[in-house]
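This report refers to the structure that appears directly beneath it.
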Amino acid sequence: MENTYWNGNGKLQEDYTRLTALVPASGESDTVAGELLRACTRLAYDLYNNGMGNNTSGALNFLYNKGVINSTLQTIIEPYTLGRLYSGNYTGDALQVSIEEVVTQTVQHILDRPQLLEQANTESMFDHEDEEQHYCEECDDVADGSWGSHCQSCEDWIEDQEEINSWEENDPED
Ligand SMILES: [Zn+2]
């Protein structure tokens, strides 16, 4: 996928580049617009640099809670903000397209509401962060245990299989 903000040719690249001057090098932004841009940039940065390895749920939830992105985008991206790793290769899969769209919608949201450039920001996107989740190695559902574990139903299934295997070993047919 060539037309990305990361490559410097996203859909609203000129506006994005101009507006991101509002985002401080670190810490919260002084304006609401700045904090929204910080949030969408965090998602893009984590996709292209860390394969979604960080907890970026605060950035996504902040944009969703502020009405910048719709629930469809939120639903596609959410698992990757909470611990699911990106296994694609940046050729325009659903996650990459969705994150590019988040950046575009954030920029458009600000262009449509120039008052956000002045409105003082009173919160951090990190206030919106959820706890990381763990995903089952077998079925990719949410798992309760630690990293690399299985969800309860897969765990039960695996135990059943092991039990059946042990019966077969201990009770040969011939
Ligand atoms: Zn499972």
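Coordinate-derived values only; no laboratory data. Please read all numbers here as calculations on a predicted model, not as lab measurements. As a convention, Cβ positions derive from the backbone with ideal geometry for all residues, glycine included, and neighbour counts pool all protein chains shown.
Table for the structure above
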item: Pairwise FRET efficiency - R18 versus S87, Cβ, R0 = 35 Å, nearest 0.05; result: 0.55
item: Exposure proxy ranking, count of Cβ atoms within 10 Å, fewest first, for E168, E101; result: E168, E101
item: Highest-fluctuation residue, G88, G34, G58 considered, GNM on the chain with Cα pairs under 10 Å; result: G88
item: In region 1-78, the trypsin sites (Lys or Arg not before Pro) that fall in loop regions by DSSP, at most 11 other Cβ within 10 Å; result: none
item: Cα gyration tensor category, rounded, prolate or oblate, for region 30-88 with a/c compared to 1.5; result: oblate
item: Modelled FRET efficiency - R0 45 Å, L111 with E131, Cβ distances, 0.05 increments; result: 0.85
item: ³J(HN,Hα), Karplus 6.51/-1.76/1.60, whole Hz, each residue of region 10-26, x for Gly, Pro; result: x, 4, 10, 4, 4, 5, 4, 4, 5, 6, 5, 4, 6, 8, x, 4, 8
item: Of E118, E28, E163, the one that fluctuates the most in a GNM where the chain has Cα springs shorter than 10 Å; result: E163
item: Most mobile of C136, C154, C40 in a GNM of the chain (Cα contacts under 10 Å); result: C154
item: Using alpha-carbon coordinates, inclination of helix 71-81 to the longest axis of the chain, degrees; result: 60
item: Sequence of I76, I110, I158, I99 once ranked by neighbouring C-beta atoms within 10 Å, starting from the fewest; result: I158, I76, I110, I99
item: Shape of the chain, Cα gyration tensor, a/c cut at 1.5; result: prolate
item: Theoretical ellipticity at 222 nm over the chain - DSSP helices of four or more residues, -39500 (n - 2.57) apiece, nearest 500; result: -15500 deg cm²/dmol
item: Sequence of R84, R113 once ranked by neighbouring C-beta atoms within 10 Å, starting from the fewest; result: R113, R84
item: Cα-based helix-to-principal-axis angle, 152-170 vs the chain, degrees rounded to 10; result: 20
